[in-house]
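*Asks:* For reference, the structure I am asking about is given below.
The values are calculated or read from the model by the stated rules, or taken from the named source; none is laboratory data. Bear in mind that the values here come from a model prediction, so they are computed numbers and not experimental data. Every residue, glycine as well, gets a Cβ built from its backbone with ideal geometry; the counts of neighbours run over all protein chains shown.
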Amino acid sequence: MSPAELDLTLRVARRAGVLGRLAARLIDSGDIGRLPAVAVDQLLGRITMAESRSRLAKWELDRIAWAMGDDADTPLVIMKGCTYVLLGLPNAPGRVFADVDLLTSEERLEGVEAVLNEAGWLSQPLRPYDQNYYRKWTHELPPLTHPDREVEIDLHHNVLPRTARLKPDGGKLLERSRPLPASRYRVLCDEDIVLHAMTHLMFDSDLADKLRDLVDIADLLDHFGSRREGFWDALVQRAQELNLERPAFYSLRYCQSFLGTQVPQHVLENVARWGPPSVVVKLMDALVVRAVFPQHPDRPSRWSGLSRVLLYMRSHWIRMPPWLLAYHLSVKFVRTRLRRGDGS
């Protein structure tokens, strides 16, 4: 690469959240030393940041376990970034994550919150509407943070909001979770780790600049698919059990078409029936490719901007019924107008 090409690559990789993953790959292959020193510094800096965030997350998990004590009746399942790090999964090296995600049963949720509140973890002051939004409509509590540290804790009882069109059973996730050796915590089963990543990307986000999340899914599919016999069939069956067929359809489609993930043909044939009508699939193909991949930092595309707006609208449409969405947007609109009126 020319210096200009290398500079652009690093900028785009940083925006996409894959700079640390790129650094880890270059270190593993032994090619990082072939780059100019200024590029090596940026890549190693990202690795250092990722390692620092991992240490902070591990310490936060240690403190949460201390606060929960010997309450063996309350399941605490680690999810997303912490799972990847603690299980040593291939997408963990160089991955920077900002918070600790935990899953517990809905009936135990407020009890866990009370214990953590007593030990010093608190949520930011929220308006009554926002408190109600979290507790009545979503799948998690308001984020908790300890004043001595700045690591956010998200307590979940499911992987999608209560109001979402898809209705996975959080209890089934807990039933199939397994203990993490020498730990207070549990982790999701292999299929659920992948399905949670798929659901988080395709049904709980607007897809803008989410290439890292798609790379996560591709790495997980490659890892489990190559090391565990029967994984692919188990993934298909589990997606049906959890009512997560549609995010699995889209994720497998885009991992294969964008990243070259090797998906068995019989799996593709099985999940093909989970997709929407062909006209919707074609529209999604056109939108997703323009949103998931980062825009050129100096020459942003108008089509990419429009795609992101449409996918942002989609992300709300599939998470709320129309009447609730209209009410929610009305509240947000009025609040924004009031802030402008106050000059704030």
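*Asks:* List, please: which pairs have Cβ atoms under 6 Å, are six or more places apart or on different chains, and start with a residue in region 173-197 that is free of Cβ contacts under 8 Å to residues at least 12 places away in the same chain and end with one that is of a type in the set (D, E, K, R)?
*Replies:* Cβ pairs passing all conditions: Pro179/Arg186.
*Asks:* If you don't mind, another one. Please go through region 107-142 and pick out each residue that is in a strand (DSSP E or B) and either closer than 29 Å to Trp323 by Cβ or assigned by TED's automatic domain parsing to the domain that holds Leu325 (or both). Give the derivation first.
*Replies:* Looking only at region 107-142, we keep the residues that are in a strand (DSSP E or B), and these are 122-123, 140.
Residues satisfying the conditions are Ser123, Glu140.
*Asks:* Right, another one. Quick one: is Arg162 surrounded by fewer than 17 Cβ atoms within 10 Å (Cβ to Cβ) and either of a type in the set (D, E, K, R) or within 25 Å of Glu241 (Cβ to Cβ) (or both)?
*Replies:* Here the answer is yes, as Arg162 does meet what is asked.
*Asks:* Answer with yes or no whether Asp233 is assigned to a helix (DSSP H, G or I) and either surrounded by fewer than 21 Cβ atoms within 10 Å (Cβ to Cβ) or over 13 Å from the mean Cα position of the chain (by Cα) (or both). Talk me through it step by step, then tell me what you get.
*Replies:* Numbers: assigned to a helix (DSSP H, G or I): yes; either surrounded by fewer than 21 Cβ atoms within 10 Å (Cβ to Cβ) or over 13 Å from the mean Cα position of the chain (by Cα) (or both): yes.
Yes: the conditions hold for Asp233.
Residue-wise test of (1) among the aliphatic types (A, V, I, L, M); (2) touching a residue at least 60 places away in the same chain (Cβ under 8 Å); (3) closer than 30 Å to Ser226 by Cβ.
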| site | (1), (2), (3) |
| --- | --- |
| Val96 | yes, yes, yes |
| Val100 | yes, no, yes |
| Glu113 | no, no, no |
| Glu118 | no, no, no |
| Leu122 | yes, no, no |
| Tyr133 | no, yes, no |
| Lys136 | no, no, no |
| Pro142 | no, no, no |
